[in-house]
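Comments concern the structure below.
The values are calculated or read from the model by the stated rules, or taken from the named source; none is laboratory data. What you see is a predicted model, and the numbers here were worked out from it, not measured in a lab. Counting neighbours? That spans all protein chains shown, and the Cβs are built from the backbone with ideal geometry, glycine included.
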Amino acid sequence: MQEPTPKVPSPQELKDEAMINAAFQHLIDTYLASNHRRKVEVITKAFNFAKQAHKGVRRLSGEPYILHPIAVAQIVCEEIGLGSTSICAALLHDVEEDTDYTNEDIANIFGQKVANIVEGLTKIAGGIFGERASLQAETFKKLLLTMSDDIRVILIKIADRLHNMRTLESMQPRKQYKIASETIYIFAPIADRLGLNKIKTELENLSFKYEHPEEYQQIIKDLADTQAERANIFEEFTRPICEQLDSKGVNYTIKARVKSPYSIWMKMQNKHIPFDEVFDLLAIRIIFVPKDRKNETDECYSIYGALTKIYKPHPERFRDWLATPKSNGYQALHNTFMSKQGKWIEVQIRSDRMDDIAEQGFAAHWKYKDKDAPYDENELDRWLNSIKEILDDPQPDTLDLLDTIKLNLYSNEILVFTPKGDLKKMPVGSTALDFAFSIHSFVGSHCFGAKVNHALVPLNYRLRSGDQIEIITTRTQHIQPEWLDFATTAKARNKIQALLRRDRREKCRQGEETLHEFLAAHDIQPSSSVIERLCKFHAYSNREELFLAVNEKRITPDENDLNFLHGKSKTRGWKRYIPFMGKKEHGPSEAGIRVDNTDFVRNINRKQTFVLNEETLSKCIIAPRCHPIPGDDVLGYISPKNTLEIHKRKCPVAMQLKTRDGNGIIACRWDTHRQLLFPCRIAIRGVDSQGVLYAIADVLHSQKAIPVRSITLDTSDGIFSGTLDIAVYDTSDVTALCASLMHIENISRAYRIDGAQDTNDYE
């Protein structure tokens with residue numbers, strides 16, 4: 001019998017095979033160059049398993065899918081510094097989700113530890129909150145639950161997200177917005193919290209690139225144009241530093257750290273300044289190898305002392321993270337020095353160990369895990385415990401979990417003292433109430449005031465670094481709903497919400513008992529249909545609201561209820577004389593355009609870019625918070641009520657929508673023809689002087705095509721500030737008007753802000 005002719009691989013198959021083998025070999029070479037134990041065999045086994053599982057599958061970019069797990073494993077090994085277990089889990093992280101293999105299969109072949117990590121990385125199939133709920137929210141909750149047992153889960157997930165962001169160009173625009181927003185909203189803060197500074201910066205920049213491509217490219221161009229100037233400043237500033245450190249025999253490296261495009265853009269947005277006025281683009285980083293690891297902090301201070309002999313330090317910008325490291329383990333000395341050219345330049349001083357930790361985060365601590373390393377590893381445990389505390393009380397809505405966790409991710413901290421003098425770290429913006437809950441939930445729920453520096457303060461007092469705080473409690477005090485207005489930490493808000501829900505459940509139970517007793521006294525069986533009828537009668541959406549109203553005496557069951565249940569009355573007393581009660585008026589949208597065509601919204605093709613023109617805008621809602629106008633980077637959000645909302649991409653509401661309900665996001669572009677006017681608010685600021693108001697009025701008069709709605713000006717200590725509410729056709733009108741205002745003598749700022757007044761008569 002003749003043997004079958006073996007299949008000859010196609011040129012494309014040969015090319016793919018060569019590309020896959022080269023990528024895997026690079027991974028192995030990187031792993032062998034690390035300090036981890038040599039377990040090449042198990043990594044190769046995981047690679048072959050994943051390669052076979054993903055055989056024939058390609059990514060949207062067209063490349064073999066197996067290249068993605070290899071790339072994630074490469075990041076895990078090279079950029080985070082994890083070992084063989086994590087590399088295997090990274091190679092296998094999509095096998096359970098995308099193939100027929102189960103977690104049990106992975107456990108049998110690679111062990112339970114790898115299987116548990118893969119399980120934590122696997123997305124949940126479907127959601128418990130319906131089709132419109134964000135799958136990412138469910139995934140994130142599961143990830144956090146697993147992360148609390150093994151930190152490697154979140155580290156690999158961050159690596160996975162980083163590679164997805166690096167290859168995002170092949171996705172549809174609406175998915176780009178969703179993924180970019182999830183990244184900037186959740187994953188970048190987590191990376192920051194874990195000390196992965198380099199990865200955090202790249203995640204932010206990539207998100208910025210896809211959210212605001214024009215602004216990103218402009219900043220990249222501006223940075224390139226000013227590169228020579230920065231190089232010259234760096235050379236002149238560091239020359240005397242090198243001479244000083246060489247004379248002291250310090251083993252060091254000096255690097256220039258340029259502010260990231262995203263950080264530059266954020267500063268431009270927050271300060272309302274152009275690129276030319278961002279003066280902290282350049283920072284100097286001094287990284288040294290200590291002569292004695294035990295005394296590396298002393299060497300930091302010694303180098304700092306040497307710098308003060310050359311340049312004058314800024315008296316208010318000294319940051320000592322040696323004595324009190326950040327929660328993510330970051331240690332360094334920072335200060336800003338005045339250069340010979342009259343410019344302030346930040347200098348960061350840290351050892352090679354501190355630099356590794358700053359770039360690779362907690363994973364880098366394993367490299368220095370010896371008795372000589374002055375590092376408190378309990379910091380990671382404390383952060384993980386704070387995550388567990390949030391997860392201990394399940395949120396009724398997993399989507400809310402995203403916001404709750406987000407509160408816990410910020411790394412900016414203040415240092416406060418207990419009455420006994422113990423040091424405690426709190427997030428910036430924390431209140432006395434937050435401090436009370438950080439001690440214990442009992443202390444928080446029964447506090448009614450505090451003493452800060454021995455002076456009595458209210459619970460909403462915002463703490464400052466150095467404050468000594470004592471909480472005053474009483475057993476008669478109980479949780480108050482208004483506390484949510486000023487509680488800022490995730491732990492405090494979570495506990496308050498949990499206690500309020502418990503109180504609400506108890507009130508509902510008591511209200512239910514009261515209503516049932518009333519019905520039973522009149523021989524009426526309190527069935528579900530009876531309760532539902534009473535809900536409609538009293539205009540409550542569900543039975544819990546009805547029971548709560550009964551408990552709080554907002555409703556007192558009486559003869560009217562009995563008459564209604566017996567069919568003797570269809571209206572309840574005075575309500576029949578007010579026919580509009582409970583009916584919501586459908587007013588115009590924020591742009592003065594009435595939304596009256598839900599069928600149009602249902603038929604929108606979400607995969608295509610939606611064009612905003614005079615016709616389609618009449619069927620949209622212009623978001624009231626951000627007030628986008630033609631020329632802005634915008635996106636659309638199709639709500640569950642089949643309305644189409646138009647938001648700026650940088651709008652905080654849009655950021656949450658993209659994260660919480662990414663399926664409702666669509667890409668949009670403007671195509672207006674200067675027929676519709678949109679509300680806009682301009683902020684102005686300058687030196688108060690005679691004739692300024694006349695000059696402003698003269699500029700506005702010259703812009704005859706721009707209707708002026710209102711002008712508000714306030715003066716204080718020789719400085720004036722104000723707002724102009726106008727109507728414009730597009731962003732070019734705003735740019736031209738601001739430029740004209742800036743030409744007025746003594747006006748230092750003129751820029752657009754959100755919050756234009758509602759108008760509906762400017763078409």
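Annotations
- Helices (runs of 4 or more DSSP H) (entirely within region 18-122) containing at least 3 residues that are closer than 20 Å to residue 158 by Cα, among the small types (Gly, Ala, Ser) and within 30 Å of the chain's Cα centre (by Cα): 84-91
- Summed over region 294-327, residues that are polar (S, T, N, Q) and over 18 Å from residue 352 (Cβ atoms) total 3.
- Residue tally, condition at pLDDT 90 or above and touching a helix residue (DSSP H, G or I) at 6+ places or on another chain (Cβ under 7 Å), over region 336-349: 4
- Here residue 641 clears all of (1) assigned to a helix (DSSP H, G or I); (2) farther than 26 Å from residue 214 by Cα except the condition numbered (1).
- Residue within region 560-575 that is modelled with pLDDT under 85, under 41 Å from the mean Cα position of the chain (by Cα) and either under 30 Å from residue 642 (Cβ atoms) or β-branched (Val, Ile, Thr) (or both) present: no
- Which listed residue, of 86, 61, is at pLDDT 90 or above, of a type in the set (Ser, Thr, Tyr), closer than 26 Å to residue 168 by Cα and out of contact with any strand residue (DSSP E or B) (no Cβ under 7 Å at 6 or more places or on another chain): 86
- Verdict on residue 484 being out of contact with any Pro (no Cβ under 7 Å at 6 or more places or on another chain) and without any contact (Cβ under 8 Å) to a residue 24 or more places away in the chain: yes
- Among the residues of region 44-63, not a single one is under 30 Å from residue 358 (Cα atoms) and either among the small types (Gly, Ala, Ser) or out of contact with any Ser or Thr (no Cβ under 6 Å at 6 or more places or on another chain) (or both).
- The sole residue among 336, 324 that is part of a strand (DSSP E or B) and of a type in the set (S, T, N, Q) is 336.
- Spans of strands (runs of 3 or more DSSP E) in region 649-763 with at least 3 residues buried (at least 17 other Cβ atoms within 10 Å of the Cβ), without any contact (Cβ under 8 Å) to a residue 60 or more places away in the chain and touching a strand residue (DSSP E or B) at 6+ places or on another chain (Cβ under 8 Å): 719-728
- Residues (closer than 14 Å to residue 242 by Cα and either free of Cβ contacts under 8 Å to residues at least 60 places away in the same chain or not hydrophobic (A, V, I, L, M, F, W, C) (or both)) located in region 276-301: 285
- Residues of region 266-286 satisfying the condition of being of a type outside the set (Val, Ile, Thr) and in contact with a helix residue (DSSP H, G or I) (Cβ under 6 Å, 6 or more places away or on another chain): 275, 282
- The number of residues in region 426-439 being without any contact (Cβ under 8 Å) to a residue 40 or more places away in the chain and farther than 14 Å from residue 472 by Cβ comes to 1.
- Taken residue by residue, region 683-700 has no member that is touching a Gly at 6+ places or on another chain (Cβ under 8 Å), farther than 18 Å from residue 750 by Cα and at pLDDT 85 or above.
- Just one residue in the set 748, 740 is among the small types (Gly, Ala, Ser) and either at positive phi or touching a helix residue (DSSP H, G or I) at 6+ places or on another chain (Cβ under 6 Å) (or both); that residue is 740.
- Summed over region 463-504, residues that are under 13 Å from residue 450 (Cβ atoms) and of a type in the set (S, T, N, Q) total 4.
- Qualifying residue in region 250-268 (condition: buried (at least 16 other Cβ atoms within 10 Å of the Cβ), aromatic (Phe, Trp, Tyr) and farther than 22 Å from residue 223 by Cα): yes
- When residue 305 is tested against (1) assigned to a loop (DSSP other than H, G, I, E, B); (2) surrounded by fewer than 12 Cβ atoms within 10 Å (Cβ to Cβ); (3) modelled with pLDDT of 90 or more, exactly one condition is not met: (1).
- Test result for residue 667, closer than 17 Å to residue 732 by Cα and small (Gly, Ala, Ser): no
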